[in-house]
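> Handing you this structure, nothing more for now.
What follows draws every value from the coordinates through simple rules; no lab data is involved. Because the structure is a prediction, the values reported are computed rather than measured. Glycine gets a Cβ as well: all are built from the backbone with ideal geometry, and neighbour counts include every protein chain shown.
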Amino acid sequence: MTNWADNIPAYSRESARIKQNNPAQKTATQGSDGIVRLRREVKGRGGGTVIVISGIPLTSPQIKELAGVLKKKCGCGGTVKDGVIEIQGDHREALSTELQARGFKVKLAGG
């Protein structure tokens with residue numbers, strides 16, 4: 001016989017919402033179609049160009065390691081935010097070549 005309380009979700013006062021006992025954890029690979037997209041962004045960046053690399057089918061520590069390698073390859077700065085790599089400057093060709101050499105399917109997206 002099971003306890004009736006086992007099937008009731010736990011209540012959290014911190015967020016005032018019901019939390020499930022086993023929440024599904026999001027990973028960087030969720031929703032990825034296997035194509036790494038390189039998008040050039042200028043808006044909201046103070047006039048500076050940033051290449052946003054999304055859709056990388058790797059874990060978070062592996063993405064941080066890859067970001068470090070790409071920044072060294074381009075000789076520029078960058079960051080990792082929510083599983084997305086941002087590289088400062090317009091280095092799409094060099095980034096595309098490096099990612100293809102590492103076995104990723106790359107698509108240039110946006111302007």
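> Mind listing whichever residues of segment 48-103 are acidic (Asp, Glu) and under 15 Å from GLY34 (Cα atoms)?
If the condition is that a residue be acidic (Asp, Glu) and under 15 Å from GLY34 (Cα atoms), then no residue fits.
> More than 11 Å from the chain's Cα centre (by Cα), surrounded by 13 or more Cβ atoms within 10 Å (Cβ to Cβ) and of a type in the set (A, V, I, L, M): is that true of ILE51 in this structure?
When the stated conditions are applied, ILE51 passes them.
> Could you list, in sequence order, the residues of segment 76-85 that are under 18 Å from the mean Cα position of the chain (by Cα) and either assigned to a loop (DSSP other than H, G, I, E, B) or touching a residue at least 40 places away in the same chain (Cβ under 8 Å) (or both)?
GLY77, ASP82, GLY83
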